[in-house]
Amino acid sequence: MNDSEYAARWRTLAAQLRELERTAGIGDAASNLRDNTPLRSDSAHEFRGDGTSGEDPADSSPFPLDAALRRELRALYFSVSHLALRKTLIAKQRELELFERTGRRIRLEDTRRHLESIRRRPSEGWWIAAIVGATLVIVGYWLFAVAGAIAACVAALFVGNGIEQAARRRFEQAVAFAEEDSSAAAVAAATADESRDLFSERESATGQADRVLEGADDLSARIL
């Protein structure tokens, strides 16, 4: 799954969740909660009016929701009186969270493979320099015989060295970019794995609040 496919699927899930929130009558309240959090500009949980995020979710990193926002969102979802709709809402939220985590892991694996492929890539500088050098010698000899060939050999040394150095710089730059991308993907994946689900699997099945999970949120709030 590439970034475009991930972004398209994320937007679909986000739009579905937003539509369910509207149907349940909590759309505006949920949007206000998400919009008021200081993490909204970086989080894949930010929704616009059309159910999309303000930036490409493939490039954004998921952050754990703070305890206060978790409590408010959970209370908002559990305030939906229609049990079946409440269960559907919770299930969709869990589906989106799982998709985000899975997407981060896949992206991490992709960036690592890309980095390794660049590191194993053979240098292109030497054979380009060889072709250019041979061409200069042939042209020099064709134009000025032996003297031209000798002059072309000297020129080929300088030109070839420049070509090889430029290729080396491009290689080092490509490796640096790939390493930076891989490091960012690793941080995003680790953050996503460490974050707790907003709702438990049991809550998705029953539609009823899990007191153990709520107790954990209250403890986190007191610690923070």
State all residues of the stretch 171-195 that are in contact (Cβ under 8 Å) with a residue 60 or more places away in the chain and hydroxyl-bearing (Ser, Thr, Tyr); if no residue qualifies, say none. SER182, THR191, SER195
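Among the aliphatic types (A, V, I, L, M), modelled with pLDDT under 70, open to solvent by less than 60 Å² (accessible area, probe 1.4 Å) and under 23 Å from ALA68 (Cβ atoms): is that true of LEU213 in this structure?
Values: among the aliphatic types (A, V, I, L, M): yes; modelled with pLDDT under 70: yes; open to solvent by less than 60 Å² (accessible area, probe 1.4 Å): yes; under 23 Å from ALA68 (Cβ atoms): yes.
Spelling it out, LEU213 is indeed among the aliphatic types (A, V, I, L, M), modelled with pLDDT under 70, open to solvent by less than 60 Å² (accessible area, probe 1.4 Å) and under 23 Å from ALA68 (Cβ atoms).
Just checking, which of ARG119, ARG169, ARG74, ARG113 is surrounded by 13 or more Cβ atoms within 10 Å (Cβ to Cβ), at pLDDT 80 or above, of a type in the set (Lys, Arg) and not in a loop (DSSP other than H, G, I, E, B)? Steps first, answer last, please.
Working: ARG119 fails: surrounded by 13 or more Cβ atoms within 10 Å (Cβ to Cβ); ARG169 fails: surrounded by 13 or more Cβ atoms within 10 Å (Cβ to Cβ); ARG113 fails: surrounded by 13 or more Cβ atoms within 10 Å (Cβ to Cβ).
None of the others qualify; the one that does is ARG74.
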Can you tell me which condition ARG222 does not meet? The list is (1) modelled with pLDDT of 65 or more; (2) open to solvent by 60 Å² or more (accessible area, probe 1.4 Å); (3) part of a helix (DSSP H, G or I), and all the others hold. (1)
Residue count for the stretch 172-192, restricted to those that are open to solvent by less than 40 Å² (accessible area, probe 1.4 Å) and closer than 30 Å to GLU97 by Cβ: 8
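Yes/no matrix, rows are residues, columns are (1) closer than 16 Å to ALA189 by Cα; (2) modelled with pLDDT under 75; (3) open to solvent by less than 80 Å² (accessible area, probe 1.4 Å):
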residue	(1), (2), (3)
ASP3	yes, yes, yes
ALA8	no, no, yes
GLN16	no, no, yes
GLY27	no, no, yes
ARG34	no, no, yes
SER53	no, yes, yes
ALA58	yes, yes, yes
SER61	yes, yes, yes
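The values are calculated or read from the model by the stated rules, or taken from the named source; none is laboratory data. Keep in mind that this is a model prediction, so the values were computed, not measured. With ideal geometry, Cβ positions are generated from the backbone for all residues, glycine too; neighbour counts draw on all protein chains shown. Note: accessible area is taken over every heavy atom of the protein model, side chains too, but ligands, DNA and RNA are not part of it. Shrake-Rupley method; radii C 1.70, N 1.55, O 1.52, S 1.80 Å.
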